[in-house]
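The values are calculated or read from the model by the stated rules, or taken from the named source; none is laboratory data. Only a predicted model underlies this, so the values are computations on that prediction, with no experimental measurement involved. In this analysis, Cβ positions are derived from the backbone assuming ideal geometry, glycine residues included, and neighbour counts consider all displayed protein chains. Calculation scope for accessible area: heavy atoms of the full protein, side chains included, ligands and nucleic acids excluded. Shrake-Rupley method; radii C 1.70, N 1.55, O 1.52, S 1.80 Å.
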Amino acid sequence: MLDDLVDLKTITSLCKRRGFLFQSSEIYGGLASTWDYGPLGVELKNNIKTSWWKNFVWSRNDIVGLDSAILMHPDVWKVSGHVENFSDPLVDCISCRKRWREDQLESKSCPDCGGALTDVRQFNLMFETNMGPIKDDNSNVYLRPETAQGIFVNFENVMKSMRLKLPFGIAQLGKAFRNEITTGNFIFRTREFEMMEIEYFVNPENDQRVYDQWVTDFMNWYKNLGMDTDKLRIREHDKGELAHYAKATSDIEYQFPWGWGEIQGIANRTDYDLQAHSKQTGQKLSYFDEKLSKHIVPYVIEPSAGVDRIFMAILLDSYQEEVVSSINGKSDTRIVLKLTPELAPIKVAVLPLSRKDVLSDLATQIYKDIKSSAVTTGVVEYDDSQSIGKRYRRQDEIGTPICVTIDFDSLDDKCVTLRFRDTMEQIRIPISDLIEQIRLNLNNG
Ligand code: ATP
C-alpha cells in the first residue's frame, strides 16, 4: 500500500503552481504554518464544506445549522473547562532550546540534538486577545478553539425557535484557533483552521447506538467523496487519552505520507457541557420529554472534522501520475487529480482550438450557455492559451472532469468534442446535446 503514497513535497508544489494554496504573507517572508487558499483551493474547500452541509443538514430532518460568533463571553471557556484543561504538555531542550510536545516524543531527549529536556509544563492552547481600547484582565477574550461551545450556549435558543424534538443536532462550520506548540506537515497542523462540527443531542440511554451510527455515517461520507477506504481507519482513544469532557472518542484517521493522522474525531461528550453552563448561568438547559413527563439533560455525540486536513487527504488521495503515449509515439507522464465532479474546483473547461474570431465567437457562446445552465453549479473555465495538449494536461492536473473542445469543423457540423479526464476518451456530440451530456457526466462521475 505504501508505494502508492505521494510525498508531501509533490502536493505542496502542485498546490502553489496551480493556485490551491499559497504561504500567508509570502512577500514578507511568510508567517510560519499559515496558509492562504488560492482560487482553486477555495473552490475545493467550499465544495467539501457544501458536501458536508448537504449531507448532514439539507438531506436530514433532524439537524439544523448555526453560525455563532468566534468571540464569546470569556466565562464560557472557564466553565467548559478549556481554561484549565485545554493544554498540551510542553518541554524545552536545555541545549538547543527547541520546544516539543512531550506526548509526541518517542524518547526523553531532544529529537533534533539529543539534548536533555526540561520538566513538563502544561501550555494552554487558547489564543487570547483584548476587546475594546483598554488592555487589562477585564478585557480578555479568547479566539474559540472549537465551534462547539457556540452551539451549547445556544442550545435553548435553537431548540425553542425551531421546535426541535430529541434526538436532534445542530451543525456549524467555521474558523477555530489553537496556539499549537509545534505545527507542520503543510496544512495538517496549523494555528488557524476550519472545523465542521455537529452536536447531536440524544436521550442518554441511546448514546452508544447513536455514537456508533455517526462513525458509520462519516465513513460512508468519506467513501462518497471518493476517498480510498484502505487509507482510512477508525482508532478508538484509550482512557488516558480522552479529552476532559469525553466518555468515549473514536478518531477517523487517514494514512498520510508520514503515517496515520486524525482527520475527524467522534466524541461522546455526555451532558458535561450543558450541565456546566446550566450550573454557572442558572439557566435550565434541558429537554422536556412529554412521554415521560420530565426534564432530561441530553447527552451529546459530537462528530468534529477539520476541513483543512480533509482537503489535504483528498488531494493526496486523488493525485495520480500515469504513463501515457504522446502524439509522437514517445511515452509521457500525465498528472491527474481524480476528484469526484462534486469536489472538482472547475467542472467544465471550454477550449477553442484557435483564437481566431470565428471560433472564439462560437466558443464564447457555448461557454456562456454552460455557465448559465444550472447543470454545473461551479466554475466553468474558458481557456484559449497554449497548445491543446498542454491545456488538457493542465485541466487533468487540477482535476477538471470534462473539457469541451471547439474546432473549425464545429462551425459546419455544429458538433464539439467532449474529452473525459479519467479515460482521456473523446466523443463528438451535437452542440444541441451538450448541456444534457454535461449534466449526465457530472452526475454520474
Ligand atoms: P490532534 O490530536 O491532532 O491535535 P485533536 O484531537 O486536538 O487533534 P479535535 O479537538 O478532535 O483534534 O479537533 C477536531 C478536528 O479538527 C481534528 O480531527 C482535525 O481535523 C482538526 N484540527 C484540530 N487541530 C488542528 C490543527 N491544529 N490544524 C488543523 N486542523 C486541526
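Which residues, taken from the stretch 178-187, are touching a Leu at 6+ places or on another chain (Cβ under 9 Å) and open to solvent by less than 30 Å² (accessible area, probe 1.4 Å)? Across the stretch 178-187, the qualifying residues are Glu180, Ile181, Phe186, Ile187.
Residue-wise test of (1) in contact with a His (Cβ under 9 Å, 6 or more places away or on another chain); (2) touching a residue at least 40 places away in the same chain (Cβ under 8 Å); (3) aliphatic (A, V, I, L, M); (4) closer than 26 Å to Glu342 by Cβ.
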residue: Thr10; (1), (2), (3), (4): no, yes, no, yes
residue: Leu21; (1), (2), (3), (4): no, yes, yes, yes
residue: Glu26; (1), (2), (3), (4): no, no, no, no
residue: Gly38; (1), (2), (3), (4): no, no, no, yes
residue: Asn46; (1), (2), (3), (4): no, no, no, yes
residue: Lys54; (1), (2), (3), (4): no, no, no, yes
residue: Asn61; (1), (2), (3), (4): no, no, no, yes
residue: Leu66; (1), (2), (3), (4): no, yes, yes, yes
residue: Asp75; (1), (2), (3), (4): no, yes, no, no
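Among residues that are of a type in the set (D, E, K, R) and either assigned by TED's automatic domain parsing to the domain that holds Glu436 or open to solvent by 10 Å² or more (accessible area, probe 1.4 Å) (or both), Arg355 is included.
The helices (runs of 4 or more DSSP H) found wholly in the stretch 106-225 and carrying at least 3 residues that are within 19 Å of Gln264 (Cβ to Cβ), in the same structural domain as Ser286 (by TED's automatic domain parsing) and out of contact with any Pro (no Cβ under 8 Å at 6 or more places or on another chain) occupy 148-152, 207-224. Just one residue in the set Glu322, Glu342 is within 30 Å of Tyr200 (Cβ to Cβ) and away from the ligand (no atom under 16 Å from the Cβ); that residue is Glu342. Scanning the stretch 221-242 for residues that are open to solvent by 20 Å² or more (accessible area, probe 1.4 Å), of a type in the set (A, V, I, L, M) and either closer than 26 Å to Ile48 by Cβ or touching an Asp or Glu at 6+ places or on another chain (Cβ under 8 Å) (or both) gives a single hit, Ile234.
Of the numbered criteria (1) under 22 Å from the mean Cα position of the chain (by Cα); (2) of a type in the set (Phe, Trp, Tyr); (3) open to solvent by less than 70 Å² (accessible area, probe 1.4 Å); (4) at negative phi, the one Tyr245 fails is (1).
Determine, yes or no, whether Asp384 is open to solvent by 30 Å² or more (accessible area, probe 1.4 Å), free of Cβ contacts under 8 Å to residues at least 24 places away in the same chain and in contact with a strand residue (DSSP E or B) (Cβ under 9 Å, 6 or more places away or on another chain). When the stated conditions are applied, Asp384 does not pass them.
Every listed requirement among (1) within 30 Å of Trp258 (Cα to Cα); (2) buried (at least 20 other Cβ atoms within 10 Å of the Cβ); (3) of a type in the set (A, V, I, L, M, F, W, C); (4) away from the ligand (no atom under 13 Å from the Cβ) is met by Phe218 save one, (4). Just one residue in the set Leu442, Leu359, Leu418 is closer than 26 Å to Arg18 by Cα and either assigned to a strand (DSSP E or B) or touching a Phe, Trp or Tyr at 6+ places or on another chain (Cβ under 8 Å) (or both); that residue is Leu418.
Residues in the stretch 243-279 that are small (Gly, Ala, Ser) and either near the ligand (Cβ under 9 Å from one of its atoms) or out of contact with any Asp or Glu (no Cβ under 6 Å at 6 or more places or on another chain) (or both): Ala243, Ala246, Ala248, Gly259, Gly261, Gly265, Ala267, Ala276, Ser278.
Checked against the criterion of being out of contact with any Phe, Trp or Tyr (no Cβ under 8 Å at 6 or more places or on another chain) and either modelled with pLDDT under 95 or closer than 22 Å to His82 by Cα (or both), the candidates Ala243, Ala248 yield just one match: Ala243. Considered as a group, the residues in the stretch 248-282 that are within 17 Å of the chain's Cα centre (by Cα) and among the acidic types (Asp, Glu) include one that is most open to solvent (accessible area, probe 1.4 Å), and that residue is Glu262.
Inside the stretch 286-301, residues that are within 14 Å of the ligand (Cβ to nearest atom) and either of a type in the set (Lys, Arg) or open to solvent by 10 Å² or more (accessible area, probe 1.4 Å) (or both) make up a count of 0. Selection of first residues in the stretch 413-440 that are crowded, with 18+ Cβ neighbours inside 10 Å and of second residues that are part of a helix (DSSP H, G or I) and modelled with pLDDT under 95, restricted to Cβ pairs under 8 Å at least 6 apart or on distinct chains, gives the following pairs, ordered by first then second residue: Leu418/Asn441. Residues in the stretch 102-126 that are surrounded by 15 or more Cβ atoms within 10 Å (Cβ to Cβ) and within 16 Å of the ligand (Cβ to nearest atom): Glu102, Phe123, Asn124, Leu125, Met126. Remark: Leu143 matches the filter, which requires a residue to be surrounded by 15 or more Cβ atoms within 10 Å (Cβ to Cβ), within 16 Å of the ligand (Cβ to nearest atom) and over 16 Å from Val64 (Cα atoms). Across the stretch 188-215, the qualifying residues are those that are within 16 Å of the ligand (Cβ to nearest atom) and of a type in the set (Phe, Trp, Tyr), and the one among them that is surrounded by the fewest Cβ atoms within 10 Å (Cβ to Cβ) is Phe193. Out of all the residues in the stretch 298-337, which are small (Gly, Ala, Ser) and part of a loop (DSSP other than H, G, I, E, B)? Residues satisfying the conditions are Ser326, Gly329.
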